[in-house]
Amino acid sequence: MHHHLSAAKTANTIDIRPATLADLTGVAALEQQVFETAVYPDFFFRQAHDLWPDFLLLAWQGTTLLGYLLAAPGQQGVASLGILSLAVSEQSRGLGVGQALLQYLIRHCPPATRQLWLTVAPDNLPALHLYKKSGFIEQNYTEDYYGKGEPRWLLVKHLSSDIVSKF
């Protein structure tokens, strides 16, 4: 039950908003903290902000950056948004930050968005649980997605037009 208490206690103090240029240093630092390998370089976040400012979302509690989500349109434009990264600081895990970021994205997608997709390592059970809880389904498994020994599940969430059109 402790997990539910802390989630309930902090849920209404998680603020989600798109990143500003001033936020990018903090995003890059969070990236370094969360991911040991295959870290996005600092300049990538500037490029992401320039290209997809509405899809680089930050979760805050006061002035503390809890996590970020980066999505980007695919070749079909915003009809299919790929979630490139979702990171939550170690001290903020289990508080519903990832869920809040995903729900914000789902609620604020452009009206033309029909699906969200992402890839996740099969041994990343917390992430798999989070995505499945948010309505993502396993669509495809690739053994060497990011190169030899880097398997990934492709997960997809289909958005119904009534969900999107309310916002």
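The values are calculated or read from the model by the stated rules, or taken from the named source; none is laboratory data. All of these numbers come straight from a predicted model, not from anything done at the bench. All Cβ positions, glycine included, derive from the backbone under ideal geometry; neighbour counts span all protein chains shown. Protein only, heavy atoms only, side chains kept; ligands, DNA and RNA dropped before computing areas. Shrake-Rupley method; radii C 1.70, N 1.55, O 1.52, S 1.80 Å.
Structure notes:
- Residue within the range 127-141 that is under 16 Å from R17 (Cβ atoms), free of Cβ contacts under 8 Å to residues at least 40 places away in the same chain, open to solvent by 50 Å² or more (accessible area, probe 1.4 Å) and not charged (D, E, K, R) present: no
- Exactly one residue out of Y40, Y104, Y68 is touching a residue at least 60 places away in the same chain (Cβ under 8 Å) and either surrounded by 14 or more Cβ atoms within 10 Å (Cβ to Cβ) or more than 14 Å from V27 (Cα to Cα) (or both), and it is Y104.
- Flag if Q75 is without any contact (Cβ under 8 Å) to a residue 12 or more places away in the chain, open to solvent by 80 Å² or more (accessible area, probe 1.4 Å) and over 27 Å from Q32 (Cα atoms): yes
- Hits in the range 79-99 (condition: open to solvent by 20 Å² or more (accessible area, probe 1.4 Å), of a type in the set (A, V, I, L, M, F, W, C) and within 21 Å of E138 (Cα to Cα)): A79, L84, L86
- The single condition among (1) polar (S, T, N, Q); (2) within 21 Å of G135 (Cβ to Cβ); (3) modelled with pLDDT under 95 that Q99 does not satisfy is (3).
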